[in-house]
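Heads up, the thing below is written out as structure tokens.
Rule-based calculations on the coordinates, nothing more; no lab input. All figures in this text were calculated on a predicted structure; none of them were measured in a lab. Note: ideal-geometry Cβ built from the backbone for every residue, glycine included; neighbour counts use all protein chains shown.
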Amino acid sequence: MTPDGVAVAVMIILLFPMGYFTLASPAFLLVKLDIQPVAQLLRGMFNAHFLVMRVAGLIGTVAFLLDGRLVAAMGVGLLAALAIYGRRGFMQRMDEQLSARDAGDAEAPRRLRRLHWSGMLGNAVLLVALLTSIPYIAISA
């Protein structure tokens with residue numbers, strides 16, 4: 001059995017942004033989100049992550065489709081769909097909390113922190129799912 005080059009390339013394309021986000025996002029747990037530049041930077045990181053995962057997921061889906069792996073393409077396509085359609089709702093909720101914080105809502109940074117945790121948890125779940133799928137995708141018979 002030899003590793004399939006297309007599958008390995010797709011996994012690397014997907015794992016790189018997910019791994020970066022996994023390493024970068026916990027740093028925001030060490031700072032207060034009631035500081036405007038910090039919260040804006042957090043928002044920018046989430047926005048960039050959704051956009052990069054959209055592109056990486058679409059590239060991976062097309063690569064698997066061209067390779068004739070429909071099940072793998074559906075899995076990666078689901079990841080891309082989550083990035084595409086989840087971005088709007090997530091960023092809208094984040095913007096609402098940022099606006100509430102700017103309007104003087106003392107609980108908004110706390111809700112923003114919960115949103116941050118939910119984003120990190122969602123990425124971690126998807127990352128674990130992707131990592132556990134590697135043995136099934138990367139080795140061809």
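Along the charge dipole of the chain, which of MET94, HIS49, VAL125 sits closest to the positive end, that is, farthest toward it, with unit charges on the beta carbon of Lys, Arg, Asp and Glu (+1, +1, -1, -1)?
The residue sitting farthest along the positive end of the dipole is MET94.
Where does the chain land at 222 nm, in deg cm²/dmol rounded to the nearest 500, when only DSSP H runs of n ≥ 4 count, each adding -39500 (n - 2.57), divided by all residues? Provide the component values of the computation, followed by the final result.
Details: 4 runs with 115 residues, N = 141.
Taking each H run of at least 4 residues, the total per residue is -29500 deg cm²/dmol.
With springs only between Cα atoms under 10 Å, which of VAL128, VAL76, VAL55 fluctuates most in a Gaussian network model of the chain?
Its mean-square fluctuation being the largest, the pick is VAL128.
Which of rounded, prolate or oblate describes the chain when judged by the alpha-carbon gyration tensor and an a/c cut-off of 1.5?
It comes out prolate by the Cα gyration axes.
Please report the net charge: other residues with Cβ closer than 15 Å to the Cβ of ASP34, K and R +1, D and E -1.
+4
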